[in-house]
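The structure appears below as structure tokens.
The values are calculated or read from the model by the stated rules, or taken from the named source; none is laboratory data. Note that the coordinates shown come from a computational prediction; the quantities given were computed from them, not determined experimentally. Glycine gets a Cβ as well: all are built from the backbone with ideal geometry, and neighbour counts include every protein chain shown. Just the protein is used for accessible areas: all its heavy atoms, side chains included, with ligands, DNA and RNA removed. Shrake-Rupley method; radii C 1.70, N 1.55, O 1.52, S 1.80 Å.
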Amino acid sequence: VRGISFKKGDETCAVEINVLGCVEAAKINQGRQQINVGREAPNVSSAGQPVPDRPAVTTDKPMEAIFNILRTAKGTDFLNYKTTTISRRISRRMVLHKISRLKDYARYLREHKDEVNSLYEDLLINVTSFFRDPKVFNTLKKLVIPAILKNKGRNQEVRIWVPGCSSGEEAYSIAICLTEAMTGKTKDLTVRIFATDISDASIDRARQGIFSKHISRDVSPERLKRFFVQSGNSYKIAKQLREMCVFSRQNIFSDPPFSNIDLISCRNLLIYFQPILQKIALQKFHYSLRPDGFLLLGSSESSSGYTALFKTLDQKNKIFTKKHLAHLPAPGMTLDQSRPGIGKKAEKPWSKRPAKETDIENLVNSIVMNKYSPCGVLIDSNMDVVRYMGHTGRYLESASGKPSHNIFKLARGGLFLPLRAAISKAKKTGRTAKKIAQDIRLNKHKAQVSITVIPVKPPQIKEVFYLLLFEEIGRSLVPGKGAGSINSNEQVQLLQKELMENKEYLQTVIAEQENAYEEIKTANEEILSSNEELQSTNEEMETAKEELQASNEELITMNEELQNRNAEVSVLNNDLTNLLGSINMPVVMLGTDLVIRRLTAQTEKTLNLVPSDIGRPIGKIKLSVDIPDLEEHLHAVIETLRPKTLEINDRDNNWYIVYIKPYRTLDNKIDGVIMIFVNNTNRKKLENELKKINQENFKN
């Protein structure tokens, strides 16, 4: 590839790259000298050939130097970005400048500030478009946006955050979907879309809101007409959408996040981060979202490693919702900008200020809770533990294998049945339920454990939580080492009580199965009904398809007729143009409103009419020939359909005979008049000479 031009400052430079040589060098050095973070570029000459005598450099100092230069100049640290992406972009810049060693490129960066800007923009991969992946936006419009608008009252604000917005297409696409969803709504809502990026150039382009004509491939004609203003070969975003979006520069790792956000759209950004940055980003997103807020990720991204933070709403389209009371890390976890890539905790706020009364109160409450109140856990509607209170190790333990927060997998032997029965009763009645578990082994003895389940409904949260409290109420009434035997009546009572508990548990299981069966039956009936509706819809679609085919055939026939007529009209138009051009006399065609339709080239010299006069009334044009009562003569011909002949004389003493005839269409309708000017000067001169001769002969 030769002759590649690019801009470098104010100068235009040419680059000549021997691609074949680079490819051969890459094949030779494959697996040995590939550019990676912590490794220099392969030793390649300017012609692209490998240099065998130069060993590969394995030190990571040049790469650290490049990161330091970028961090100092732009305030962004790329140390924990994906290695392959960084390496590929840096190697591309090195090949472009014919630099073979990484430390030479670091030196080049120190000496050329323009290259720092170019590398920075190159590392920020700005790949975006309007309505990228349309299926995601359809799901967003049908599932997420209605849920957000439903919970909003009058004069409330819809808040959306788009980190890594690039040139703004993603933010404007969401604004379009919101506007379409709010059309016809009675609520007076304010929409605020915070679109952020660390690239100043991208933010400037997004603020301008001007896009090329190629967006018509991604935006429908209806949306182009409604939400864009066309200006030449570009489209400008409408003022209505522009006022919804607030564009600003923000680094999500060093700058504070937004709060009370309804939706975060962070698509195809996390894929460029290493796990430490992904963790910090997802924690900040969780903090920013409202209760029941939504998170939208890219097709290659997931929050599977952070199930304590988000719950999957739509796995296919990567839509998640915020979990309540999730296990969050200690506050203040961020990246230290002085030592990039190393997480640190912020100083505890009480380390530099005296203790307050609230701190003492919290300390007292903690002592009371730990020593004098029963221990327990708080679980969500999925039976997952979200918070522990007190020492629960006597009642709950983790099983071997994959870790789980499910309460039934954590419960010790003997607690499962009464625990399940108590939770089921609390869910069914919505009230506190109590059960007593017998023969629960606690350390070296067996005991009776009271299980209390209390439903908890936090304000402004739809989900119901359950508080489980465990309390040992006494030793189990069974014989043990060093204990006397119990009488038969007490043993019978224990067995009867255990039997009753088993019966209750079985009844609970049977009731759950019956409910599940009824739900399945109802769902089956709905599926059958939907199937019938789909069949009828299919029949209607088949009928509509036949009608469309018939209409299509009619349109094809009409199109052929129109094409034939168009060809005929084109031939007639060509014939008329050639005919008027070949007539060596002034001809003017007028409509019924006396507006000029056509004229020949000779009218310019005779009547002072030019082609730009077509479309103007003839009465408002000053002709070079004086024709008395011209408009009256023209109207008279249109009304009476009788041609007229006039004889006129121009300023140069030229005589013309004017023929005024009605203009007839093919349907024999009068649609104007035609004026034909015939030069009669020579004939008039001969007549005058004959008159003079006759007068002289008469005198003689």
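What FRET efficiency comes out for GLN491 versus LEU442 if R0 is 25 angstrom and r is the Cβ-Cβ distance? Round to the nearest 0.05. It comes out at approximately 0.70. A viscosity of 1.002 mPa s and a temperature of 20 °C, combined with the Kirkwood radius over C-alpha pairs in the Stokes-Einstein formula, give region 398-470 a diffusion coefficient of 159 µm²/s. Extension gain, ASN155 to GLU554, is 138.4 nm, computed as 0.36 nm per intervening residue step minus the present C-alpha separation.
Ligands, DNA and RNA aside, THR128 has an accessible area near 40 Å² when probed at 1.4 Å.
Shape analysis of region 82-154 based on the Cα gyration tensor places the equivalent ellipsoid semi-axes at 45, 14, 10 Å, largest first. The listed residues ARG616, ARG217, once ranked by accessible area (1.4 Å probe) with the largest placed first, stand as ARG217, ARG616. Fully extending the segment from ALA544 to LEU690 would add 44.1 nm, taking 0.36 nm per residue of separation and subtracting the current Cα-Cα distance. The alpha carbons of region 204-292 give a radius of gyration and a Dmax of 16.8, 47 Å, in that order.
Against the criterion of solvent-accessible heavy-atom surface with a 1.4 angstrom probe, ARG205, ARG651 sort, most first, into ARG651, ARG205. Near LEU313, the amide H atoms lying under 5 Å from its own belong to ILE319, PHE320, THR321; only residues 5 or more places off or on other chains count, and H is placed 1.01 Å from N. The residues packed around ILE510, meaning those with a beta-carbon under 11 Å from its beta-carbon, carry a net charge of -2 if Lys and Arg are +1 and Asp and Glu are -1. Put simply, the C-alpha atoms of region 488-646 give a gyration tensor, and the ellipsoid matching it has half-axes of 97, 22, 15 Å, longest first. Gyration tensor over the Cα atoms of region 580-700: the corresponding equivalent ellipsoid has semi-axes (square roots of 5 times the eigenvalues, largest first) of 31, 17, 13 Å.
To the nearest 10, the accessible area of LEU270 is 10 Å² with a 1.4 Å probe. Against the criterion of solvent-accessible heavy-atom surface with a 1.4 angstrom probe, HIS635, HIS445 sort, most first, into HIS635, HIS445. Given a 1.4 Å probe and the protein chains as shown, MET389 ends up with an accessible area of around 50 Å². Site pair GLU632 and ASN697 shows an inter-label distance of 4.0 nm when each label is modelled 7 Å from Cα along Cα→Cβ.
I need the P(r) histogram for region 557-605: all alpha carbon pairs, bin width 10 Å from 0 out to the longest distance, whole percents. Going out from 0 Å in 10 Å bins, region 557-605 shows 23, 35, 28, 12, 2 percent. Placing a label point 7 Å from the Cα of ILE621 along the Cα-to-Cβ direction, the residues of region 566-599 whose backbone N falls under 13 Å of that point are 586-591, 594-599. In nm², what is the average projected area of the convex hull enclosing the Cα atoms of region 121-172? Average of the hull's projected areas for region 121-172 equals 4.5 nm².
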